[in-house]
Amino acid sequence: MSGTKARSEAPAADNVVHNPAAPPRERKPGGGVLKRLKSRRSQVESRPVTEEDLRTQPGHTSPEDVLGLRMATRGYLCKPEDNVYNVDFVRFKIRDLETGTVLFEIAKPPHSDDDECREKEAPSGRFVRYQFTPAFLRLRTIGATVEFTVGNRPLNSFRMIERHYFRDQLLKSFDFDFGFCIPNSRNTCEHIYEFPQLSDSLVRQMVECPYETRSDSFYFVDNKLVMHNKADYAYNGGQ
């Protein structure tokens with residue numbers, strides 16, 4: 001659950017992720033439609049690989065490659081300039097689907113010339129740090145709404161694989177298909193995260209060890225890695 005800082009060069013039109021097989025979509029506040037995406041249920045883990053294996057292999061990194069990772073990466077598996085599609089995440093919200101309570105929300109400020117200079121100097125926006133209360137670990141289902149713009153090239157088979165770890169243990173892997181996105185569009189969708197039930201012992205460790213829970217978010221276009229974002233999490237808020 002993380003964002004990136006890439007700049008679209010063309011004005012964006014209000015649109016949504018397009019997928020002919022998608023379920024009905026609902027109107028979102030302020031116009032447009034909101035599409036809800038569930039993770040693939042038929043996900044199969046690949047043969048185990050290491051971060052070093054993927055760095056030294058020839059060719060591009062594929063979805064099958066990252067599904068073989070057994071621990072969070074230390075670095076990034078692609079460069080900011082690999083985002084040749086100028087995908088730019090501009091708004092992000094997390095809510096508890098059972099109660100509708102908004103747990104986290106952030107929007108990117110309007111772009112300025114100073115922002116563009118800073119983006120050229122340092123690749124920011126690829127890492128996010130979250131702090132939640134221990135109660136977050138007892139939630140069953142959350143929705144993560146993301147709004148993003150696309151540059152002047154279409155996105156074919158836009159896909160995100162997000163893997164969550166505590167220390168060296170894989171907790172859950174999510175796999176979402178955005179589908180096709182038209183050029184110069186603004187898209188909104190809500191990812192549905194169904195969390196596994198955690199043992200009391202594991203919950204206690206995750207609360208007592210802030211920021212040792214980590215995630216990698218890998219974004220693919222036509223099965224080629226174009227973006228890699230990272231996050232870490234603390235669950236000791238309010239204590």
Residue separation times 0.36 nm, minus the C-alpha to C-alpha distance between PHE180 and ALA135: what's the value?
12.6 nm
Carbon-plus-sulfur fraction of the accessible area of the range 176-218, 1.4 Å probe, in percent?
48 percent
Distance between modelled label sites at ASP53 and ASP200, nm, 7 Å Cα→Cβ extension:
3.8 nm
Rounded, prolate or oblate: pick one for the range 60-109, where a ≥ b ≥ c are the square roots of the eigenvalues of its C-alpha gyration tensor, a/c under 1.5 means rounded, and failing that, prolate if a/b is larger than b/c, else oblate.
oblate
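The values are calculated or read from the model by the stated rules, or taken from the named source; none is laboratory data. Please read these numbers as outputs of a predicted model, since none were measured by experiment. Heads up, the Cβs are rebuilt from the backbone with ideal geometry, glycines too, and the neighbour counts pull from every protein chain shown. Side chains included, ligands, DNA and RNA excluded: accessible areas come from the protein's heavy atoms. Shrake-Rupley method; radii C 1.70, N 1.55, O 1.52, S 1.80 Å.
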